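Written out below as C-alpha cells is the structure these notes cover.
The values are calculated or read from the model by the stated rules, or taken from the named source; none is laboratory data. Every value quoted in this text rests on a predicted model; they were computed, and no experiment measured them. Cβ placement follows ideal geometry from the backbone for every residue including glycine, while neighbour counts extend to all protein chains displayed.
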Amino acid sequence: MVRVLLEGVLAYLAGRREFEVEASTVGELIERLRDFPKLYERIKGRRDKLSPDIYIAVNDVDIRLLSGLDTQLKEGDVVLILAYIHGG
C-alpha cells in the first residue's frame, strides 16, 4: 500500500487528509482517486490531464524530477499531493 497525504483544499474535497491506496505508478494512483469524484476532478480537470497547479511528490521528491505520472511506487511510499496557491 502507498500512503497518500493531501493538503489544503484537496483534503477538504476528499473528506480526509490521508489514506492508503494500492497503485504501482503515480498515474495509477491518480486514477484510483475516482473514488473521490470532487478530488479527482480538481486534480485532473476536464482536460483529462494533471491540472497545472497540482504538485505531487513521492517520498519528498517532485515527480517532475522523476518519471512524472509514470513514476513507480512501492510498498510504504508516501505520496504528497497539494494545489499551489496563486497570488497576485
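Taking the range 45-88, which residues are among the aliphatic types (A, V, I, L, M), touching a Leu at 6+ places or on another chain (Cβ under 8 Å) and free of Cβ contacts under 8 Å to residues at least 40 places away in the same chain?
Leu50, Ile54, Ile56, Ala57, Val58, Ile63
Residues in the range 38-54 that are touching a helix residue (DSSP H, G or I) at 6+ places or on another chain (Cβ under 7 Å) and either closer than 21 Å to Glu75 by Cα or surrounded by fewer than 16 Cβ atoms within 10 Å (Cβ to Cβ) (or both): how many?
The qualifying residues number 2.
I need a count of the residues in the range 70-88 that are under 21 Å from Phe19 (Cβ atoms) and out of contact with any strand residue (DSSP E or B) (no Cβ under 7 Å at 6 or more places or on another chain).
Going through the range 70-88 one residue at a time, the tally reaches 3.
I'd like to check something: does the range 22-37 contain any residue that is at pLDDT 95 or above, under 23 Å from Glu75 (Cα atoms), of a type in the set (Val, Ile, Thr) and in contact with a Phe, Trp or Tyr (Cβ under 6 Å, 6 or more places away or on another chain)?
No, every residue in the range 22-37 fails to be at pLDDT 95 or above, under 23 Å from Glu75 (Cα atoms), of a type in the set (Val, Ile, Thr) and in contact with a Phe, Trp or Tyr (Cβ under 6 Å, 6 or more places away or on another chain).
Within the range 4-27, can you find the residues that are touching a residue at least 40 places away in the same chain (Cβ under 8 Å) and not polar (S, T, N, Q)?
Val4, Leu5, Leu6, Glu7, Gly8, Val9, Leu10, Ala23, Val26, Gly27
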